[in-house]
Amino acid sequence: MSLRIYYGGTFDPVHLGHLAIARAARDELQVAVRMLPAADPPHRAVPGATAEQRCTMLGLAIGDEPGLLLDRHELDRAARSPGRPSYTVDTLRELRAELGPSRPLAWLVGADSLLGLPSWHEWQALFGLAHFIVAERPGSPLRASVDGALGQATEGRWADNEQALFASPAGRILRLHHPLREESASAVRAQIAAGGPWRAMLAPAVADYVSGHGLYRSATS
């Protein structure tokens, strides 16, 4: 049975680093990556752009690129249940209900997100719902940084190759090796607010959208 990969995030805004991770997962596993913008992230500050603006920018960034798809699950759920926080565990439960208990399902995250997993809502339930694909930064051994409750929860879950993700529906962790990039959403927002150089960190269509809608500018700029 084929693997489904989802890449969730705030994407505030989506930048070239995000796209590099999605492409690396697509190319290494030869599976489409569905990029899923969060509606109302409960564990971080209010986004600088609305959910619909972030979704639009993500669609512009992906364009017609093969194997990168836009997914509106969290935004559509937020529309049905206004005010409810956007928890990953709820998204994965919704996806699991749609795909069935046997379909291999993976959630793509950055290394920092995996290390922060114990702060997520019902985080230990996530391993029963999906695999994790972790974009590991070159030169930073991920497994050596995992300890405490997270270390106990991930013990025995590390996969040596991508075939482990196809062989079971959930519960394994695969390290994705990809080229290190300098972009970050916070850096993009800071550069825009300060009037510094920022366009090169975004896909051209996204940069045009940010500029045209006056996003991320400081109150005095």
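The values are calculated or read from the model by the stated rules, or taken from the named source; none is laboratory data. In this text, all values refer to a predicted model and were calculated from it rather than measured experimentally. No Cβ is skipped: glycine too gets one built from the backbone with ideal geometry, and neighbour counts run over all protein chains shown. Only protein heavy atoms, including side chains, enter the accessible area calculation; ligands, DNA and RNA are left aside. Shrake-Rupley method; radii C 1.70, N 1.55, O 1.52, S 1.80 Å.
Looking at 72, 80, just one residue is within 14 Å of the chain's Cα centre (by Cα) and open to solvent by 40 Å² or more (accessible area, probe 1.4 Å), and that residue is 72.
For residue 145, the conditions (1) touching a residue at least 12 places away in the same chain (Cβ under 8 Å); (2) within 20 Å of residue 18 (Cα to Cα) all hold with the exception of (2).
When each of 34, 4 is tested for being touching a Phe, Trp or Tyr at 6+ places or on another chain (Cβ under 9 Å), over 18 Å from residue 205 (Cα atoms), charged (D, E, K, R) and crowded, with 17+ Cβ neighbours inside 10 Å, the lone residue that passes is 34. Would a scan of segment 155-174 turn up a residue that is crowded, with 19+ Cβ neighbours inside 10 Å, closer than 23 Å to residue 72 by Cβ and at pLDDT below 95? No, segment 155-174 contains no residue that is crowded, with 19+ Cβ neighbours inside 10 Å, closer than 23 Å to residue 72 by Cβ and at pLDDT below 95.
Residue under question is residue 136, and the condition is that it be among the acidic types (Asp, Glu) and farther than 23 Å from residue 184 by Cβ; does it hold? In short, no. Look at residue 22 and say whether it is more than 20 Å from residue 105 (Cβ to Cβ) and either in a helix (DSSP H, G or I) or of a type in the set (S, T, N, Q) (or both). The answer is no for residue 22.
Regarding segment 45-61, can at least one residue be identified that is at pLDDT below 90, surrounded by fewer than 20 Cβ atoms within 10 Å (Cβ to Cβ), more than 21 Å from residue 181 (Cα to Cα) and of a type in the set (A, V, I, L, M)? There is at least one residue in segment 45-61 that is at pLDDT below 90, surrounded by fewer than 20 Cβ atoms within 10 Å (Cβ to Cβ), more than 21 Å from residue 181 (Cα to Cα) and of a type in the set (A, V, I, L, M). Of all residues in segment 83-112, those satisfying the criterion of being hydroxyl-bearing (Ser, Thr, Tyr) and either open to solvent by less than 50 Å² (accessible area, probe 1.4 Å) or more than 20 Å from residue 47 (Cβ to Cβ) (or both) are 86, 88, 91, 102.
Of the listed requirements (1) over 14 Å from the mean Cα position of the chain (by Cα); (2) farther than 14 Å from residue 6 by Cβ, residue 67 misses just one: (2).
Cβ-Cβ distances below 6 Å connect the following pairs, each with a first residue in segment 70-82 that is of a type outside the set (Lys, Arg), a second residue that is assigned to a loop (DSSP other than H, G, I, E, B) and surrounded by 18 or more Cβ atoms within 10 Å (Cβ to Cβ), and a separation of six or more residues or different chains: 74/38; 74/39; 74/86; 75/39; 78/39.
Put simply, of 205, 187, 193 the only residue that is open to solvent by 20 Å² or more (accessible area, probe 1.4 Å), among the small types (Gly, Ala, Ser), touching a residue at least 60 places away in the same chain (Cβ under 8 Å) and part of a helix (DSSP H, G or I) is 205.
With respect to the stated conditions, residue 38 fails to be among the hydrophobic types (A, V, I, L, M, F, W, C) and out of contact with any helix residue (DSSP H, G or I) (no Cβ under 9 Å at 6 or more places or on another chain).
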